[in-house]
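Asker: I'd like to ask some things about the structure below.
The values are calculated or read from the model by the stated rules, or taken from the named source; none is laboratory data. It should be emphasised that the depicted structure is a prediction, and the values quoted were computed from it without experimental measurement. For neighbour counting, all protein chains shown are included, and Cβ atoms are generated from backbone atoms with ideal geometry for every residue, glycine included.
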Amino acid sequence: MASFLRHIASDRVRQWLPLATLILLIVIVGTLEPVFLQPATLLDLAGDTAVLFILASGVTFVIMLGGIDLSLQSMASLSSVIVALTLPRLGYAAFPAAIAAGALAGLLAGLAHTRLRIPSFIATLAMGGVLASTALVSSGERSITLGADDRGYLGWITGTLAGIPNVVIIGLVVLVVAHILQAHTRFGRYSAAIGAGEPATYASGVKVNRQKVIAFVLSGGFAALAGIILTGRLASGSPTLAAEMLLPAIAAVVVGGTAITGGVGSIWRTLVGALIISVVRIGMTFLGVNIFAQNIVFGAVLVLAVAITIDRSKIPIVK
Amino acid sequence: MSAASPLDAPDAPPKRTRRLRLAAWAPVIVLMVLCAIIAVVNPNFLTFGNFVRITQTAAIPLVLGIGATFIILMGSIDLSVEGILTCSAVVLSMLVLNGANSNDLGILGALIVLAIGGLIGLVNGLIHVRLRIPSFMTTLGTWFIGVGVANALLGGMAIRITDPVIRGLAVERFLGFPWGVWIAALALIVAVVIQNHTRFGRYLFAIGGGEDLAVLSGIPVARVRITAFALAGVFYALGGILVAAQLGLGNAQIGTGRLFTTVTAVVVGGTSLMGGEGGVLRTLVGVLIVVVLSNGMVLMGVPSSVQIGVQGLMIIAAVASSIDRSKLRVVK
């Protein structure tokens, strides 16, 4: 088993494994259920993947640095509550307000992580609790359905442009923005460097803490955006709206080939990972697997993907 | 760590030792201050009835916290608390006398559930150690696998438990306290013995204090780690039995929020996330802090949804104040 893992973990194979898996999955599901390959179904798939992809690309920034964000599902839910509560009064301004709240939460989590030197998984677990609590209290612990006039503000999410759902276009815009941030900015290069070797990066004069905080701010902002899209698609906000999204989002990043040890990865890989998760989900739905029981598969896939992608030389002591 | 202290003592600056000793007692002081404040605001807090209620609420977090303490002592983390707990509660509800099928295994059913919990924990340990995957990722996976299995078994339904023995854990009382409280107390004693009077217990501290040294001293680190995860699984399964007994049913949402309370209790009690420092008795204090605080908030009329947020802030405060920053350069 271990030697088999080592074999598929060798760099050359590893790089193309996610894409090969995706194509294989599409072929399998397409053979079993030919409807799947029709353009309409594929567009639906793309639309369903958009929310997951946005969440996953936010957390990709954090994972690239070797950290983790366990608060993203709470942030997305909170953002849906903020939009649902403020849309009647603020109109379109409700959307930037929700994103600003996400960025603020990310800033606080990042500061708790860097200034107080709390490991990121515990800082974001705690921040997730604070956010969940805020969402529960401000919504009165129930879901808020948007009225008919408020739904007019959601056209940019629910509409279509030349036959393509707007959600897909939003997803593509996020892809471009996130890719530029990751691959063509100083922040992107620094975060890859921090993930690859934090002490060396620190020693070369990079402001490590600042890059980390930026990553958490981005993760929070992206999670809030994902919450907004969810609100638009369901026409309601709820404090538990995104509760089931944490595992698929992290699984998407890891399955795509971004190592949780940091340093290796890209937004493109996260896109491939998110598509894999979506195709697997649709395949299981075709096979009649209970939607909640699907977590068994995602949990197993997550562990397996980590086993393949992780860089063990970087962690002499596995804790 | 106890072996190293006599050697270190002459070099260590005295101010630091005093600070450390004070830090060890901080959770107890916090607990006493908390009790005093709540008692002043609401005298009902000090009645025997409320004391029983507090112990009853504390029983389940205590059992879960004991399991998690063993893991955190090694510097690892276990996020699969809810997965194992939910899975155990659901399987228990299907094995004992219940409203859905004709099984009636009684106590044997409970023992099977404990074994299942240990087995899932063992899988955690094996994946973590043999495949060399960090524990938070391994257990994040098993968390969702456990909840997924519970969902697959029940498909969103709930099974009512009618077995008088299991129900009796929450309903029947002995010397004024429900049986569940006595079981939790027994679990605590067992855990203290394991931690302080067995080789395994001392190895836990050694691994948490410095794994590289532990390996060099010939400690079977891999075996100890795997055993610790299996042992934690048994405690989570016991927690699952107590939860199912208390609610009188098993369903797939039964564990929601338990991980959070567990981590809060362990960390607030003063067990260091870096490992090597702490213990199950500190977890008892941590559980009491969390439970007394929430009991006090209920008595003062604060909505229960605020409590998750308060616990989140407590985690940050407790971890921030306990981490020995001089030891760390890289925090991930």
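Asker: Could you list, in sequence order, the residues of the stretch A:232-267 that are in contact with a Leu (Cβ under 8 Å, 6 or more places away or on another chain) and either among the aromatic types (Phe, Trp, Tyr) or under 17 Å from B:Phe144 (Cα atoms) (or both)? Spell out the reasoning first.
Answerer: So in the stretch A:232-267, the residues in contact with a Leu (Cβ under 8 Å, 6 or more places away or on another chain) come out as A:232, A:234-237, A:239, A:241-242, A:245-252, A:254-257, A:262, A:267.
Those that are in contact with a Leu (Cβ under 8 Å, 6 or more places away or on another chain) and either among the aromatic types (Phe, Trp, Tyr) or under 17 Å from B:Phe144 (Cα atoms) (or both): A:Ala242, A:Met245, A:Leu246, A:Leu247, A:Pro248, A:Ala249, A:Ile250, A:Ala251, A:Ala252, A:Val254, A:Val255.
Asker: Scan the stretch B:259-272 for residues that are surrounded by fewer than 24 Cβ atoms within 10 Å (Cβ to Cβ) and over 9 Å from the mean Cα position of the chain (by Cα) and jot them down.
Answerer: Result: B:Phe260, B:Ser272.
Asker: Shifting gears a bit: Every residue in the stretch B:191-203 that is in a helix (DSSP H, G or I) and either under 14 Å from the mean Cα position of the chain (by Cα) or farther than 25 Å from B:Ala244 by Cβ (or both), please. Write out each step before concluding.
Answerer: Taking the stretch B:191-203 as the starting set, the residues that turn out to be in a helix (DSSP H, G or I) are B:191-197, B:199-203.
Passing the criteria: B:Ala191, B:Val192, B:Val193, B:Gln195, B:Asn196, B:His197, B:Arg199, B:Phe200, B:Gly201, B:Arg202, B:Tyr203.
Asker: Tally up the residues in the stretch B:98-110 that are more than 16 Å from B:Ile84 (Cβ to Cβ) and assigned to a helix (DSSP H, G or I), please. Lay out the reasoning, then the answer.
Answerer: So the first thing to find is which residues in the stretch B:98-110 are more than 16 Å from B:Ile84 (Cβ to Cβ), and the list is B:98-109.
Okay, now just the ones that are also assigned to a helix (DSSP H, G or I), so B:107-109.
Total satisfying the criteria: 3.
Asker: Another one. Checking B:Leu79 against (1) among the aliphatic types (A, V, I, L, M); (2) within 14 Å of chain A (Cβ to nearest Cβ); (3) surrounded by fewer than 24 Cβ atoms within 10 Å (Cβ to Cβ): exactly one of these is not met. Which one?
Answerer: Going through the list (1) among the aliphatic types (A, V, I, L, M); (2) within 14 Å of chain A (Cβ to nearest Cβ); (3) surrounded by fewer than 24 Cβ atoms within 10 Å (Cβ to Cβ), B:Leu79 breaks only (3).
Asker: A:Leu104 is checked against (1) closer than 16 Å to A:Val81 by Cβ; (2) surrounded by fewer than 20 Cβ atoms within 10 Å (Cβ to Cβ); (3) at pLDDT below 90 and fails just one. What number does that condition carry?
Answerer: (3)
Asker: Take the residues in the stretch A:69-101 that are surrounded by fewer than 24 Cβ atoms within 10 Å (Cβ to Cβ) and of a type in the set (Val, Ile, Thr); name whichever of them is modelled with the lowest pLDDT.
Answerer: This residue is A:Thr86.
Asker: Between A:Gly273, A:Gly288, which is among the small types (Gly, Ala, Ser), more than 9 Å from chain B (Cβ to nearest Cβ) and on the phi > 0 side of the Ramachandran plot?
Answerer: Values: A:Gly273 fails: on the phi > 0 side of the Ramachandran plot.
Within the list A:Gly273, A:Gly288, the selection yields A:Gly288.
Asker: For the stretch B:96-117, does any single residue satisfy the condition of being at pLDDT 95 or above, of a type in the set (Gly, Ala, Ser) and surrounded by fewer than 20 Cβ atoms within 10 Å (Cβ to Cβ)?
Answerer: Scanning the stretch B:96-117 turns up at least one residue that is at pLDDT 95 or above, of a type in the set (Gly, Ala, Ser) and surrounded by fewer than 20 Cβ atoms within 10 Å (Cβ to Cβ).
Asker: Looking only at residues that are under 21 Å from the mean Cα position of the chain (by Cα) and outside any helix (DSSP H, G or I) in the stretch A:176-201, which one is nearest to the other protein chains (Cβ to nearest Cβ)?
Answerer: Checked the stretch A:176-201; the qualifying residue nearest to the other protein chains (Cβ to nearest Cβ) is A:Thr185.
Asker: Taking B:Leu175, is it more than 22 Å from the chain's Cα centre (by Cα), closer than 29 Å to B:Gly106 by Cβ and among the hydrophobic types (A, V, I, L, M, F, W, C)?
Answerer: Numbers: more than 22 Å from the chain's Cα centre (by Cα): yes; closer than 29 Å to B:Gly106 by Cβ: yes; among the hydrophobic types (A, V, I, L, M, F, W, C): yes.
Spelling it out, B:Leu175 is indeed more than 22 Å from the chain's Cα centre (by Cα), closer than 29 Å to B:Gly106 by Cβ and among the hydrophobic types (A, V, I, L, M, F, W, C).
Asker: If we scan the stretch A:293-313, do we find a residue that is among the hydrophobic types (A, V, I, L, M, F, W, C), touching a helix residue (DSSP H, G or I) at 6+ places or on another chain (Cβ under 6 Å), assigned to a helix (DSSP H, G or I) and away from chain B (no Cβ under 14 Å)?
Answerer: no
Asker: Could you tell me whether the stretch B:281-295 includes any residue that is away from every other protein chain (no Cβ under 14 Å), part of a loop (DSSP other than H, G, I, E, B), over 11 Å from the mean Cα position of the chain (by Cα) and crowded, with 21+ Cβ neighbours inside 10 Å?
Answerer: No, that holds for no residue.
Asker: Go through the stretch B:224-257 residue by residue and tally those that are closer than 16 Å to B:Ile71 by Cα and in contact with a strand residue (DSSP E or B) (Cβ under 7 Å, 6 or more places away or on another chain).
Answerer: The number of residues fulfilling the criteria is 0.
Asker: On the given criteria, is B:Val221 closer than 24 Å to B:Arg132 by Cα and at pLDDT 90 or above? Walk me through how you get there before you give the answer.
Answerer: Details: closer than 24 Å to B:Arg132 by Cα: yes; at pLDDT 90 or above: yes.
Against the criterion (closer than 24 Å to B:Arg132 by Cα and at pLDDT 90 or above), B:Val221 qualifies.
Asker: Restricting the first residue to the stretch B:63-83 and requiring it to be farther than 21 Å from B:Ile145 by Cα, which pairs with a second residue that is of a type in the set (Lys, Arg) meet a Cβ separation below 8 Å and a spacing of at least six or different chains?
Answerer: From residues that are farther than 21 Å from B:Ile145 by Cα, the pairs are B:Thr69/B:Arg282; B:Met74/A:Lys319; B:Met74/B:Arg225; B:Gly75/A:Lys319.
Asker: I'd like to check something: does the stretch A:219-233 contain any residue that is farther than 30 Å from A:Ala84 by Cα and assigned to a helix (DSSP H, G or I)?
Answerer: Start the filter on the stretch A:219-233 by keeping residues that are farther than 30 Å from A:Ala84 by Cα, which leaves none.
No, the stretch A:219-233 contains no residue that is farther than 30 Å from A:Ala84 by Cα and assigned to a helix (DSSP H, G or I).
Asker: Out of the residues in the stretch B:157-204 meeting the condition of being at pLDDT below 90 and out of contact with any strand residue (DSSP E or B) (no Cβ under 8 Å at 6 or more places or on another chain), tell me which one is nearest to B:Ile120 (Cα to Cα).
Answerer: B:Ile166
Asker: To continue, here is another question. Which one of the conditions (1) out of contact with any Ser or Thr (no Cβ under 8 Å at 6 or more places or on another chain); (2) surrounded by fewer than 24 Cβ atoms within 10 Å (Cβ to Cβ); (3) more than 19 Å from A:Leu17 (Cβ to Cβ); (4) not aromatic (Phe, Trp, Tyr) does A:Val280 fail to meet, given that it meets all the rest?
Answerer: (3)
Asker: I'm told A:Ser204 meets every condition in (1) more than 10 Å from every other protein chain (Cβ to nearest Cβ); (2) touching a residue at least 24 places away in the same chain (Cβ under 8 Å); (3) of a type in the set (S, T, N, Q) except one. Can you identify the failing condition by its number?
Answerer: Status for A:Ser204: all satisfied but (2).
Asker: Determine, yes or no, whether B:Ala228 is within 13 Å of chain A (Cβ to nearest Cβ), in contact with a Phe, Trp or Tyr (Cβ under 9 Å, 6 or more places away or on another chain) and at pLDDT 90 or above. If you could, list the steps in order and put the result at the bottom.
Answerer: Values: within 13 Å of chain A (Cβ to nearest Cβ): yes; in contact with a Phe, Trp or Tyr (Cβ under 9 Å, 6 or more places away or on another chain): yes; at pLDDT 90 or above: yes.
Spelling it out, B:Ala228 is indeed within 13 Å of chain A (Cβ to nearest Cβ), in contact with a Phe, Trp or Tyr (Cβ under 9 Å, 6 or more places away or on another chain) and at pLDDT 90 or above.
Asker: Within the stretch A:130-142, how many residues are touching a helix residue (DSSP H, G or I) at 6+ places or on another chain (Cβ under 8 Å) and surrounded by fewer than 19 Cβ atoms within 10 Å (Cβ to Cβ)? Full working, then the answer.
Answerer: So the first thing to find is which residues in the stretch A:130-142 are touching a helix residue (DSSP H, G or I) at 6+ places or on another chain (Cβ under 8 Å), and the list is A:130-139, A:141.
Then keep just the ones that are surrounded by fewer than 19 Cβ atoms within 10 Å (Cβ to Cβ); that gives A:137-138, A:141.
Total meeting the criteria: 3.
Asker: Go through (1) surrounded by 21 or more Cβ atoms within 10 Å (Cβ to Cβ); (2) out of contact with any Lys or Arg (no Cβ under 8 Å at 6 or more places or on another chain); (3) within 14 Å of chain A (Cβ to nearest Cβ); (4) under 30 Å from A:Gln294 (Cα atoms) one by one and return the number of the condition B:Leu126 breaks.
Answerer: (1)
Asker: Let me spell it out: the conditions are (1) over 17 Å from B:Val28 (Cα atoms); (2) within 13 Å of chain A (Cβ to nearest Cβ), and B:Val267 meets all of them except one. Which number is the exception?
Answerer: The one condition B:Val267 does not meet is (1).
Asker: If you don't mind, there's one more thing I want to ask. Which one is nearest to A:Phe121 (Cα to Cα) among residues in the stretch A:192-201 that are in contact (Cβ under 8 Å) with a residue 24 or more places away in the chain and among the hydrophobic types (A, V, I, L, M, F, W, C)?
Answerer: Applying the first criterion (in contact (Cβ under 8 Å) with a residue 24 or more places away in the chain) to the stretch A:192-201 yields A:192-198.
Narrowing the set further to residues that are among the hydrophobic types (A, V, I, L, M, F, W, C) leaves A:192-194, A:196.
Numbers: A:Ala192: 19, A:Ala193: 20, A:Ile194: 17, A:Ala196: 19 Å.
Per the criteria, the residue is A:Ile194.
Asker: Can you find a residue that is of a type outside the set (A, V, I, L, M) and part of a helix (DSSP H, G or I) anywhere in the stretch A:247-258? Spell out the reasoning first.
Answerer: Let us first name the residues in the stretch A:247-258 that are of a type outside the set (A, V, I, L, M), namely A:248, A:256-258.
Of the ones still in play, those that are also part of a helix (DSSP H, G or I) are A:248.
Within the stretch A:247-258, one or more residues are of a type outside the set (A, V, I, L, M) and part of a helix (DSSP H, G or I).
Asker: Looking at A:Ala109, A:Ala126, A:Ala135 in this structure, which one is assigned to a helix (DSSP H, G or I) and within 7 Å of chain B (Cβ to nearest Cβ)?
Answerer: On the way: A:Ala109 fails: within 7 Å of chain B (Cβ to nearest Cβ); A:Ala135 fails: within 7 Å of chain B (Cβ to nearest Cβ).
Residue meeting the stated conditions: A:Ala126.
Asker: Here's a follow-up. Is the stretch A:113-122 home to any residue that is aromatic (Phe, Trp, Tyr) and within 14 Å of chain B (Cβ to nearest Cβ)?
Answerer: Here is the first cut: in the stretch A:113-122, the ones aromatic (Phe, Trp, Tyr) are A:121.
Now narrow it down to the ones that are within 14 Å of chain B (Cβ to nearest Cβ): A:121.
Yes - at least one qualifying residue is present in the stretch A:113-122.
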